[in-house]
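Have a look at the structure below, then the notes.
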């Protein structure tokens, strides 16, 4: 009997996949995954010596105005393989339900599916730096950084701990805010858990798209 499972592959280190996710990958007939220039998902799948004939990369053009049509077409493609009796997996880096490409497909799925969670880059950074993301009554906010001073300042002031994704898009804006608020405790990492992982100690040095920043306002 065919089934469809979405698997979180983790932030980049192939060993940061759950055992449950690994077993499902090994038993899949076809594995869809997002095709990106960094090849994160593909590199993880290749690490496990999975038959590449099972690989089916899906392209999600960044900033595309046709993302709804793309998501709908991919949902129909997945259903076609399910109807053909295949065990289908969609393998995505990070966590499937946190800023992942699967969300663009999910809203067009009208059939049963399961999700095996993955470790996000946020959790990966926290573990690498032994950094507590939040505790007790502290609040935690996760947002993609945008180049809008008023918006970003309001958000940063609204929480005790703030995680900023894709920080390069608004580096100067965030730098201005943390200087104005005299925030000294921030942590920055790019390519979390990968071979080219890098820790930044100065916001001016950030240059990589795959970068996460954690601000702790009250340490």
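Number of residues in segment 14-34 that are in contact with a helix residue (DSSP H, G or I) (Cβ under 8 Å, 6 or more places away or on another chain) and under 24 Å from residue 83 (Cβ atoms) equals 8. Scanning segment 172-184 for residues that are at pLDDT below 95 and within 24 Å of the chain's Cα centre (by Cα) returns no hits.
Name the one entry in 130, 86, 155, 107 that is over 24 Å from residue 201 (Cα atoms) and without any contact (Cβ under 8 Å) to a residue 40 or more places away in the chain.
So the residue among 130, 86, 155, 107 that is over 24 Å from residue 201 (Cα atoms) and without any contact (Cβ under 8 Å) to a residue 40 or more places away in the chain is 107.
Quick check on residue 129: is it under 22 Å from residue 95 (Cα atoms) and modelled with pLDDT of 95 or more? So residue 129 fits the description; yes. In this structure, is residue 208 loosely packed, with under 11 Cβ neighbours inside 10 Å and touching a residue at least 24 places away in the same chain (Cβ under 8 Å)? So residue 208 does not fit the description; no.
On the given criteria, is residue 104 farther than 23 Å from residue 25 by Cβ and assigned by TED's automatic domain parsing to the domain that holds residue 21? Answer is no for this residue. Out of all the residues in segment 84-98, which are surrounded by fewer than 17 Cβ atoms within 10 Å (Cβ to Cβ) and at positive phi? Hit for segment 84-98 is 85, nothing else. Going by what's in this entry, would residue 59 be described as over 20 Å from residue 116 (Cβ atoms) and surrounded by fewer than 18 Cβ atoms within 10 Å (Cβ to Cβ)? The answer is yes for residue 59.
Here's the yes/no breakdown for (1) under 21 Å from residue 105 (Cα atoms); (2) in contact with a strand residue (DSSP E or B) (Cβ under 7 Å, 6 or more places away or on another chain); (3) at pLDDT 95 or above:
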{"site": "17", "(1), (2), (3)": "no, yes, yes"}
{"site": "22", "(1), (2), (3)": "no, no, yes"}
{"site": "28", "(1), (2), (3)": "yes, yes, yes"}
{"site": "32", "(1), (2), (3)": "yes, yes, yes"}
{"site": "43", "(1), (2), (3)": "no, no, yes"}
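If you go through segment 83-98 and keep only what is closer than 22 Å to residue 197 by Cβ and either modelled with pLDDT under 95 or in a strand (DSSP E or B) (or both), you end up with 91, 92, 94.
Listed by position, the helices (runs of 4 or more DSSP H) inside segment 116-219 whose residues that are within 30 Å of residue 4 (Cβ to Cβ) and touching a strand residue (DSSP E or B) at 6+ places or on another chain (Cβ under 8 Å) number at least 2 are 121-129. Here residue 78 fulfils each of the conditions (1) at pLDDT 95 or above; (2) under 29 Å from residue 190 (Cα atoms); (3) surrounded by 12 or more Cβ atoms within 10 Å (Cβ to Cβ) apart from (2).
The values are calculated or read from the model by the stated rules, or taken from the named source; none is laboratory data. Keep in mind that this is a model prediction, so the values were computed, not measured. With ideal geometry, Cβ positions are generated from the backbone for all residues, glycine too; neighbour counts draw on all protein chains shown.
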